[in-house]
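Each remark here refers to the structure printed beneath this line.
The values are calculated or read from the model by the stated rules, or taken from the named source; none is laboratory data. Note that the structure is predicted; figures quoted are calculated from it, not measured. Cβ placement follows ideal geometry from the backbone for every residue including glycine, while neighbour counts extend to all protein chains displayed. Ligands, DNA and RNA are stripped out before the accessible areas are found, and what is left, the full protein with its side chains, is counted by its heavy atoms. Shrake-Rupley method; radii C 1.70, N 1.55, O 1.52, S 1.80 Å.
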Amino acid sequence: MTENTESKSHSPLHKRDLTRRKVMIAGVGAVMAAGAGGTLAAGAFAGEKKQGTAATGEACYRLTSETTEGPYYIDADKIRQDITEDREGIPLTLRIKVIDSETCKPLRNAAVDIWHCDALGIYSGYESLSTGGGGGTPPSDAPSDAPSGTPTGEPPSGAPSGGTGGGVHEEPTDDERYLRGTWRTDKQGYVTFKTIFPGWYRGRCVHIHTKVHVSGEWTDSGYEGGNTCHTGQFFFDEESVLASAEVEPYSTSTTERTTLTEDTIYDQSGTTGGLLKLKYSKKNIAKGVQASITVGVDPEATNTGT
């Protein structure tokens with residue numbers, strides 16, 4: 001997939017973000033009904049507000065949940081909904097809704113990317129760099145300006161070169177492309193992917209990467225042009241991760257696991273920070289998991305996460 005990579009000045013964008021809406025992620029569980037004609041109500045944080053519209057009955061938050069792209073993004077033109085290929089793991093259906101965070105209207109024909117590691121912490125395209133399942137030296141996406149209260153010091157040995165931030169793009173080392181894909185949102189803003197429950201690797205909690213592209217054109221070869229209005233990550237609660245760890249092949253991993261509260265990327269804000277709403281059998285998670293979330297974006301913004 002081709003995207004417009006023209007850079008913009010950080011200073012004007014920063015100033016604009018202080019006065020205009022910001023990109024956020026609101027879980028389906030956080031979507032609320034609004035009064036007739038639209039109302040303003042107290043937000044999740046002091047000084048934040050959310051605006052509802054009678055037309056959609058959904059709430060739009062002026063919150064930001066942009067994250068680093070990480071080193072292992074591949075613009076691979078894998079236009080598909082089922083990204084599993086031959087990877088073993090707990091079946092996962094991920095349903096994402098993309099809305100304009102100001103108008104609350106769904107964004108139709110947006111291109112949504114997702115990519116994540118397999119059950120043993122391996123990223124396709126970078127198998128030689130992510131030896132997660134053997135307790136080796138998997139990738140690190142930790143930002144260089146880690147929030148206060150998070151662990152500091154030297155990054156894990158074997159972290160991608162180019163600094164500790166993990167946002168420096170690495171060139172692929174192989175031709176594998178499992179657990180990666182792009183699909184378009186429908187007229188109601190929904191897009192659904194079939195994949196597996198991700199595993200973990202040292203330094204990060206369980207997560208899925210995502211990008212949302214708008215204003216481009218769908219062609220026979222993929223999606224071209226437009227702008228990347230959101231770069232984020234989706235997260236899984238500890239209960240579900242602990243349940244998955246009892247199922248093969250996750251149970252065979254010897255890699256130390258980072259919990260959700262220890263992660264340096266997740267901002268601990270719940271659904272606004274990308275925490276997925278999950279449904280599965282508490283007695284048998286191996287049957288499969290259904291995950292859902294609503295992503296509110298500013299279509300005019302550029303957020304590449306690099």
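How many residues does segment 106-120 hold that are open to solvent by 10 Å² or more (accessible area, probe 1.4 Å), among the charged types (D, E, K, R) and assigned to a strand (DSSP E or B)? So the count comes out to 0. Taking strands (runs of 3 or more DSSP E) as the structural unit, those lying wholly within segment 192-306 and holding at least 2 residues that are at pLDDT 95 or above, buried (at least 16 other Cβ atoms within 10 Å of the Cβ) and within 13 Å of the chain's Cα centre (by Cα) correspond to 207-214, 227-235, 289-297.
Is there a residue in segment 220-228 that is free of Cβ contacts under 8 Å to residues at least 12 places away in the same chain and more than 16 Å from Ile83 (Cβ to Cβ)? The answer is yes, given that some residue of segment 220-228 is free of Cβ contacts under 8 Å to residues at least 12 places away in the same chain and more than 16 Å from Ile83 (Cβ to Cβ).
Residues that are in contact with a Phe, Trp or Tyr (Cβ under 6 Å, 6 or more places away or on another chain), touching a residue at least 60 places away in the same chain (Cβ under 8 Å) and not aliphatic (A, V, I, L, M) do occur in segment 176-189.
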